[in-house]
Structures are given as structure tokens and as C-alpha cells.
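The values are calculated or read from the model by the stated rules, or taken from the named source; none is laboratory data. Everything numeric in this text was worked out from a predicted model, so none of it was measured. Note that each Cβ is placed from the backbone with ideal geometry, even for glycine, and that neighbours are counted across all protein chains shown.
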């Protein structure tokens with residue numbers, strides 16, 4: 001039953017114009033990245049820039065692209081799933097699904113797996129595409145690429161779980177606003193933590209940690225940027241993607257638990273919801 005709902009959810013998401021537009025623009029993004037990267041690489045070779053510096057430039061361009069992918073992941077994960085529960089409850093179409101022998105937990109799990117599969121494919125296209133583009137032209141591979149991509153996937157999984165949870169209690173519009181506002185708090189909190197770390201302000205760092213606990217998505221990006229940049233770049237602080245306050249592996253474990261709790265709460269709330 002879960003597999004059936006997963007397939008139906010995946011097919012429903014695939015048929016939406018938003019997903020089609022995101023796919024088309026994603027391909028255009030890769031084409032632009034390929035062109036820009038090729039032009040910059042040609043200039044680096046023409047100016048006879050040393051190989052060590054060229055590799056740092058390659059890493060910088062790759063991290064800039066992944067930063068865009070990070071934001072696209074957040075937007076698409078929220079916008080694609082935000083009305084999957086609340087919209088069906090409002091339109092009463094959920095009543096045709098939530099019937100025996102299908103259990104309500106199977107509906108939530110199926111929807112989560114469906115959107116998760118969609119986001120894994122989308123991230124594979126964008127992030128994986130950029131890694132292949134850089135490797136194909138220069139042979140450069142950043143540190144820890146698989147770990148970095150896994151953390152980007154985890155971002156999407158957290159947001160989908162929160163979106164499903166919100167959909168069981170809130171309207172589509174309210175759910176979307178709440179999710180984006182939560183991310184906004186985490187984004188500002190991350191900068192407060194970064195600046196606080198530079199200024200050695202314990203209070204500011206604690207504010208950032210608290211916001212990361214409320215919404216750990218931005219912390220995942222900071223760990224991704226830390227893992228995927230060379231040690232020398234991290235030590236010199238040579239790019240805007242260097243983080244002065246690196247989330248620990250414990251934050252990743254917390255985020256996995258966070259997503260699991262959000263998904264479990266979504267199942268409980270949906271099971272008790274009067275349809």
C-alpha cells in the first residue's frame with residue numbers, strides 16, 4: 001500500500017507544471033554553469049595560473065553552484081509538498097484515499113517517500129550534474145562529494161516531513177508561510193552564530209545554535225560547505241563559503257532524529273484528523 005501511494009505521489013508531482021518548470025530551469029542552470037565554468041577555466045589556463053590556485057577557483061565555482069542548489073532544494077521541497085495533505089483535505093479528495101484497508105500512516109509514509117524520490121532525482125540532476133561537469137573538464141573532485149550530496153538530500157527530507165506535519169493542521173497558505181519563516185529564522189540565526197564566533201561572543205553563538213535546533217536545514221548547508229572545501233581554503237578563509245562555526249556530526253544525527261519525529265507527528269496528527 002505504501003508503495004502504491006509513493007508511486008501515485010511521485011506521478012502527481014511529476015505532472016505538475018511547477019515541477020516541469022523547475023526541471024527545465026534546472027537544465028538551463030546546468031548549461032549556464034557549464035558555459036561560465038568553461039570560460040573561466042580557459043582564462044585561468046591562458047593566464048598560466050598555478051594548478052593549486054586553479055583548483056581553489058574550481059572549488060569556489062562549484063560551491064557557488066551548490067549554494068544555488070541548496071536554495072532551490074528548500075524552495076522546491078516546500079512548494080511541491082505544501083498542499084499535498086491540506087489541499088486534499090480542503091477539496092475532500094483525501095476521503096477517496098483514506099479508506100480501508102488503506103491506513104492513514106501508509107498515506108503519510110507514501111507521500112513522504114514519493115516526494116523524497118522526486119527530490120533525490122532533482123538533486124542528482126543538479127548537484128551530480130555540476131560535479132560531473134567540473135570533473136569532465138578539469139578532473140577536479142572536491143573533498144567528500146558523497147557526504148555533501150547526502151546532506152543536501154537530508155535537507156529536502158526534513159522539509160518534506162515538516163510540510164506533511166503542517167499540512168495535517170494548517171491551510172496550504174499558512175503552512176507554506178510557516179515553513180519559509182522558520183527557514184528565515186534559521187538563516188538569520190546562522191549568520192548571528194557565524195559573526196558571534198568571529199567576535200568570540202558566546203551569547204550570539206548560542207542564539208545561532210538554538211535557531212539551528214528549531215530548523216536545522218541551514219546548519220546542514222554549513223556542514224556541507226565545510227566538508228566540500230579543501231583544508232587550506234578553510235584555514236585561510238579564502239571564500240565566502242568558509243564557516244567559522246562548523247556544525248558537528250551530532251547536528252547531523254539530531255537532524256535525522258528531527259525529521260523522524262516530524263514524520264511521526266504527521267502520522268499521529270493525520271490519524272486523529274477528522275476528515
Q: Tell me, yes or no, whether region 182-190 has at least one residue that is within 17 Å of the chain's Cα centre (by Cα), in a helix (DSSP H, G or I), closer than 24 Å to residue 146 by Cβ and modelled with pLDDT of 80 or more.
A: yes
Q: Could you check residue 143 against (1) over 15 Å from the mean Cα position of the chain (by Cα); (2) in a helix (DSSP H, G or I); (3) modelled with pLDDT of 90 or more and say which number it fails?
A: (2)
Q. How many of the residues in region 38-62 are surrounded by fewer than 21 Cβ atoms within 10 Å (Cβ to Cβ) and in contact (Cβ under 8 Å) with a residue 24 or more places away in the chain?
A. 7
Q: Determine whether region 86-94 contains at least one residue that is on the phi < 0 side of the Ramachandran plot, surrounded by 20 or more Cβ atoms within 10 Å (Cβ to Cβ) and under 20 Å from the mean Cα position of the chain (by Cα).
A: no
Q: Tell me, please, whether a residue that is closer than 21 Å to residue 29 by Cβ, in a helix (DSSP H, G or I), touching a residue at least 40 places away in the same chain (Cβ under 8 Å) and more than 13 Å from the chain's Cα centre (by Cα) can be found in region 155-165.
A: no
Q.
I'm told residue 83 meets every condition in (1) under 17 Å from residue 156 (Cα atoms); (2) in a helix (DSSP H, G or I); (3) touching a helix residue (DSSP H, G or I) at 6+ places or on another chain (Cβ under 6 Å) except one. Can you identify the failing condition by its number?
A. (2)
